[in-house]
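The values are calculated or read from the model by the stated rules, or taken from the named source; none is laboratory data. Because the structure is a prediction, the values reported are computed rather than measured. So basically every Cβ, Gly included, is an ideal-geometry build from the backbone, and we count neighbours across all protein chains shown.
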Amino acid sequence: MANLQVAAPAISAPAAPPYTITTTRPDELLRHDISDEELGILFDMKRDHIWKGMWVALGLGVGAAPAAFAAIRSSFWTQPPAEFTAADLIQVILCVVGLAVGGVLSFVMRNKGRDARDLGTAIRERTKQRV
């Protein structure tokens with residue numbers, strides 16, 4: 001048996017216009033040496049769960065605020081005063097504790113952010129080295 005070979009028709013692509021590829025690079029590459037401890041600190045600052053806790057506490061405080069203020073107003077500023085119940089007390093406690101904890105955690109987060117910026121500035125200001 002003979003092998004038959006069929007020639008495929010030649011397909012020619014239209015000639016593409018030539019193009020150039022230009023690459024760029026900065027004049028100077030800044031390299032910063034950072035210790036493993038400093039890198040760990042920066043990494044922990046980004047993954048900190050205090051940020052989430054702050055929003056939960058503030059949400060709890062703001063969510064309980066309308067009921068707490070209504071209970072206080074009806075119990076102390078209206079005539080005749082309404083009875084201040086255990087449920088009213090719980091609402092007031094949730095509001096005060098939530099806002100207080102949220103405020104403290106907000107203060108902590110602001111200071112941690114400032115510490116991260118200071119650490120970044122210190123790393124950038126280290127002596128430049130040519131490689």
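Residues satisfying the criterion are absent from the range 86-95 (criterion: in a helix (DSSP H, G or I), in contact with a Ser or Thr (Cβ under 8 Å, 6 or more places away or on another chain), at pLDDT 85 or above and of a type in the set (A, V, I, L, M)). Exactly one residue out of Ala57, Ala86 is hydrophobic (A, V, I, L, M, F, W, C) and touching a helix residue (DSSP H, G or I) at 6+ places or on another chain (Cβ under 9 Å): that is Ala57. Checking each residue of the range 48-55 against the condition of being at pLDDT 70 or above, in contact with a Gly (Cβ under 6 Å, 6 or more places away or on another chain) and not in a loop (DSSP other than H, G, I, E, B) gives at least one match. Within the set Gly102, Gly120, the sole residue that is of a type outside the set (Val, Ile, Thr), surrounded by 14 or more Cβ atoms within 10 Å (Cβ to Cβ) and touching a helix residue (DSSP H, G or I) at 6+ places or on another chain (Cβ under 7 Å) turns out to be Gly102. Among the residues of the range 96-128, those identified as assigned to a loop (DSSP other than H, G, I, E, B) and of a type outside the set (S, T, N, Q) are Glu125, Arg126, Lys128. Return yes or no: is Ala82 without any contact (Cβ under 8 Å) to a residue 12 or more places away in the chain and surrounded by fewer than 11 Cβ atoms within 10 Å (Cβ to Cβ)? No, not satisfied.
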